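Structure first, commentary second.
The values are calculated or read from the model by the stated rules, or taken from the named source; none is laboratory data. Note that the structure is a prediction, hence the values are computed from the model and not measured. Note: ideal-geometry Cβ built from the backbone for every residue, glycine included; neighbour counts use all protein chains shown. For accessibility, only protein heavy atoms count, side chains too; no ligands or nucleic acids. Shrake-Rupley method; radii C 1.70, N 1.55, O 1.52, S 1.80 Å.
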Amino acid sequence: MKNYDLAIIGAGPGGYIAAIHAAKNGMKVALVERKKVGGACYNVGCIPSKIMLEHSKLVQSIERGRTWGINAEETTIDFAKLMRRKDKIVDELIDNLGHYIEKNHVAYYAGEATVADDLTVTVGDENFTAKDIMLATGSKPFVPPFEGLETTTYYTTDTFFDITTLPKELTIIGGGVIAIEMAFALAPLGTKVTVLNHSEDILQTEEPDARPIIKKRMEELGINLVLDFTFERFEGNVIHTSIGEMPFENLLFATGRRPNVEIATSLGLKFDGRLIDVDLHCQTSKPHVYAIGDLIGGVQLAHSASAEGIHVVEHLLGRNPKPVQQDEIPRCVYTHPEIATFGLLAHEVQEPYTMIELPLRTNAKALMEGNTEGFVKLIVADKDRRILGACVMGDKSTELLNSILAAKTAGADIDMVANMIYPHPTMSEHIGESAREVFGRGIHI
Ligand code: FAD
């Protein structure tokens, strides 16, 4: 029977990155995947959704150009072609992953893995062992068990990215990041989008000051947002709710995800009924078994899964790595404008702090680009000027946030962000300006 240093189950952004990192550091690695390399992120998550959002952003830019005096002919959408472009990019990225895995001599097993109590891994007819096992089995869409759901058909994010015809109408159930991103992906192309969210607001895990800007933009895009009601039952293409009947043509559930815990439960690992319990090094209750990514708690995003995977490998190599810090993981919403955040929100801070929020409308680059909706918000500890949290909302803010995060990760305080020299004219200047304003020294205030 073959024996590896490390067997990784699941080749999403947690598993495949850990596998390559381990192989590059001299470990003999097996990687098992039952579907496609790249996991949810590449196949039915980050990548296809962001490609679709890029298409809809371009449509909005064309519209904005019209208001400036650039009169292009009427915009028409060849949706099938856009989706072929999406498929091509996804295929290219997944092909690349295959090459990296092969180049680094990771033994790749295609198929469903099971793991026995003695840590023997079985994939089809093959069995092998490993000194350590990393579970990176990810998650799947969760659909609440509504009454009458069997009478209707619906999409989840596992099936939605296969559509080839632009839906005339789309009702999205959910109010979290994925639901709102999908509304922004479709509405600018011409789909009449309705978002149904039973609670009183959207994006409730995100910066509260970002929500009104997103809701205003949704209104401008003609997205019908319905909040604060109770779902009663489904009957064919009608949803019965506490505020009346809601007919729909196409339905997408974006109501969260649940971890794939089959292997973890078969091994009797400790878990809270939903997520697998791990320590600071992602070690489960069973020696030599680690779990990372969507399978465990904390920020459930691709880059946190990757960081956790690398951390486990470093830990196994005996390098005493610093555990992954939740407050150093960026959280991004790719709406238009984008919202990028790390660390604490103001209501979560439990020490004296100074908070600065500078709207983008005084930033020269934002004005030039017509992208003035947004702000830079910084939360800094009074005691020692530590950066406790930051939010940048605006066009490409998901790219901008990391200049602040770099300072925090390097252990620097807000002075470093204030003292950096920023190119002019850029949106990033607004970060420097906000950092200076923490001390009341902003210039263009
Ligand atoms: P996964 O990506 O779920 O990978 C797990 C893999 O394990 C899967 O391929 C699965 O087939 C495999 N597997 C499971 N069980 C077995 C088994 N027994 N044997 C073999 N293989 C198995 N995150 C971001 O950071 N940025 C974004 O913009 C973003 N957008 C998203 C948009 C959508 C629509 C969705 C749904 C998610 C998005 N996410 C985004 C979240 C991101 O996709 C996940 O956090 C990330 O994929 C988790 O990585 P993972 O490696 O833990 O698991």
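Things worth noting here:
- Some residue of region 20-31 being open to solvent by 20 Å² or more (accessible area, probe 1.4 Å), under 24 Å from the mean Cα position of the chain (by Cα) and near the ligand (Cβ under 6 Å from one of its atoms): no
- Those residues of region 188-198 which are open to solvent by 30 Å² or more (accessible area, probe 1.4 Å) and either at positive phi or touching a Leu at 6+ places or on another chain (Cβ under 7 Å) (or both), in sequence order: GLY190
- Per-region count, region 141-157, residues open to solvent by less than 60 Å² (accessible area, probe 1.4 Å) and of a type outside the set (Phe, Trp, Tyr): 8
- Under the condition of being open to solvent by 50 Å² or more (accessible area, probe 1.4 Å) and assigned to a helix (DSSP H, G or I), the residues counted in region 287-314 number 2.
- Selection within region 173-186 - open to solvent by less than 10 Å² (accessible area, probe 1.4 Å) and aliphatic (A, V, I, L, M): ILE173, ALA179, ILE180, MET182, ALA183, ALA185, LEU186
- Scan of region 169-186 for residues that are in a strand (DSSP E or B) and more than 16 Å from LEU221 (Cα to Cα), ordered by number: ILE173
- LEU401 being over 23 Å from LYS383 (Cα atoms) and touching a strand residue (DSSP E or B) at 6+ places or on another chain (Cβ under 7 Å): yes
- GLY138 touching a strand residue (DSSP E or B) at 6+ places or on another chain (Cβ under 9 Å), crowded, with 19+ Cβ neighbours inside 10 Å and on the phi > 0 side of the Ramachandran plot: yes
- So LEU252, is it touching a residue at least 40 places away in the same chain (Cβ under 8 Å) and more than 30 Å from ASP91 (Cα to Cα): no
- Against the test of being open to solvent by 70 Å² or more (accessible area, probe 1.4 Å) and within 14 Å of the ligand (Cβ to nearest atom), the options GLU63, GLU74, GLU92, GLU54 yield a single qualifying residue, GLU54.
- Some residue of region 200-223 being touching a helix residue (DSSP H, G or I) at 6+ places or on another chain (Cβ under 8 Å), within 16 Å of the ligand (Cβ to nearest atom) and closer than 27 Å to LYS35 by Cβ: no
- If only residues of region 100-119 that are more than 14 Å from the ligand (Cβ to nearest atom) and farther than 16 Å from VAL29 by Cβ are counted, the one that is surrounded by the fewest Cβ atoms within 10 Å (Cβ to Cβ) is ASP118.
- Checklist (1) more than 11 Å from the ligand (Cβ to nearest atom); (2) assigned to a loop (DSSP other than H, G, I, E, B) applied to LYS35, failing item: (1)
- Qualifying residue in region 159-168 (condition: open to solvent by less than 30 Å² (accessible area, probe 1.4 Å), in the same structural domain as PHE231 (by TED's automatic domain parsing), among the acidic types (Asp, Glu) and not in a strand (DSSP E or B)): no
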